[in-house]
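The values are calculated or read from the model by the stated rules, or taken from the named source; none is laboratory data. Model, not experiment: these values are computed from the prediction. Note that we place each Cβ from the backbone using ideal geometry, even for glycine, and neighbour counts take in every protein chain shown. Side chains are part of the model used for accessible areas, which takes the heavy atoms of the whole protein and leaves out ligands, DNA and RNA. Shrake-Rupley method; radii C 1.70, N 1.55, O 1.52, S 1.80 Å.
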Amino acid sequence: MIRIVIAEDQRMMLGALGSLLDLEDDLEVVGKATNGEEALSLVQRYQPDVCIMDIEMPLKSGLEAAEELKGTDCKVIILTTFARSGYFQRALKAGVSGYLLKDSPSEELASSIRSVMAGQRIYAPELIETVYSEENPLTNREKEVLELVADGRNTNEIADKLKIKTGTVRNYISVILDKLEVKNRIEAITRSKEKGWFK
């Protein structure tokens with residue numbers, strides 16, 4: 001019997017997933033969580049074989065929870081509506097065994113769980129294509145500047161922290177806006193988050 005914990009913040013979806021998987025003879029849902037924190041404590045309590053995780057959840061995202069489960073015996077399958085290459089790349093770094101989209105047919109989920117338990121990795125084909133087309137265009141220093149902007153630091157604070165001149169910071173910011181094709185700092189932060197490019 002393959003034991004499963006499901007983490008999904010939309011309760012209707014959580015109930016439907018649980019019912020679907022319980023219909024399978026060799027699958028058993030042992031726990032249901034509505035956020036990443038709860039998912040981690042259920043995994044600890046029940047020691048399941050697989051945790052199916054949504055990405056955008058309160059308290060802790062599915063990706064953060066997956067990062068914490070890296071190296072444990074519990075295999076993680078991300079099940080999300082977001083076909084964003086940045087999310088996918090982060091999930092790969094967290095060592096997830098599967099990354100599926102919610103619009104896949106339901107029988108695909110059960111067969112993916114079995115494949116993952118057999119040692120395979122299962123990724124939605126459309127994601128593998130986007131990974132190659134959407135690399136982060138920013139250099140490491142530009143990423144550093146944008147992360148400080150996202151932390152609410154002003155130009156002077158960024159200059160102090162990176163030990164560069166304020167004019168240089170302004171130059172970096174205008175290059176970042178240009179590369180991300182946005183008008184201001186807020187849009188730059190939003191674009192990077194959407195693409196999953198922030199750490």
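Restricting attention to segment 94-112, does a residue exist that is under 20 Å from the mean Cα position of the chain (by Cα) and farther than 22 Å from residue 13 by Cα?
yes
Identify, please: which residue in segment 29-50 is among the acidic types (Asp, Glu) and under 20 Å from residue 11 (Cβ atoms) and is, among those, surrounded by the fewest Cβ atoms within 10 Å (Cβ to Cβ)?
Among residues in segment 29-50 that are among the acidic types (Asp, Glu) and under 20 Å from residue 11 (Cβ atoms), the one surrounded by the fewest Cβ atoms within 10 Å (Cβ to Cβ) is 37.
Condition first: in a loop (DSSP other than H, G, I, E, B) and modelled with pLDDT under 90. Now tell me which residues in segment 82-104 satisfy that.
Result: 82, 83, 84, 103, 104.
So, in segment 32-79, how many residues would count as being more than 21 Å from residue 196 (Cα to Cα), outside any helix (DSSP H, G or I) and not β-branched (Val, Ile, Thr)?
Matching residues across segment 32-79 total 10.
Starting from residues that are in contact (Cβ under 8 Å) with a residue 40 or more places away in the chain and charged (D, E, K, R), keep the ones in segment 145-187 and report whichever is farthest from residue 197 (Cα to Cα).
In this case the residue turns out to be 179.
Quick one: in segment 159-199, of everything that is assigned to a helix (DSSP H, G or I) and among the small types (Gly, Ala, Ser), which residue is nearest to residue 93 (Cα to Cα)?
Selected residue: 192.
Which residues, counting only those in segment 2-28, are closer than 16 Å to residue 66 by Cβ and crowded, with 20+ Cβ neighbours inside 10 Å?
Once the filter is applied, which keeps residues that are closer than 16 Å to residue 66 by Cβ and crowded, with 20+ Cβ neighbours inside 10 Å, segment 2-28 yields 4, 5, 6, 7, 8.
Condition (residue is outside any helix (DSSP H, G or I), within 30 Å of residue 27 (Cβ to Cβ), open to solvent by 90 Å² or more (accessible area, probe 1.4 Å) and touching a Ser or Thr at 6+ places or on another chain (Cβ under 9 Å)) applied to segment 127-150: is it met by at least one residue?
Checking segment 127-150: not a single residue is outside any helix (DSSP H, G or I), within 30 Å of residue 27 (Cβ to Cβ), open to solvent by 90 Å² or more (accessible area, probe 1.4 Å) and touching a Ser or Thr at 6+ places or on another chain (Cβ under 9 Å).
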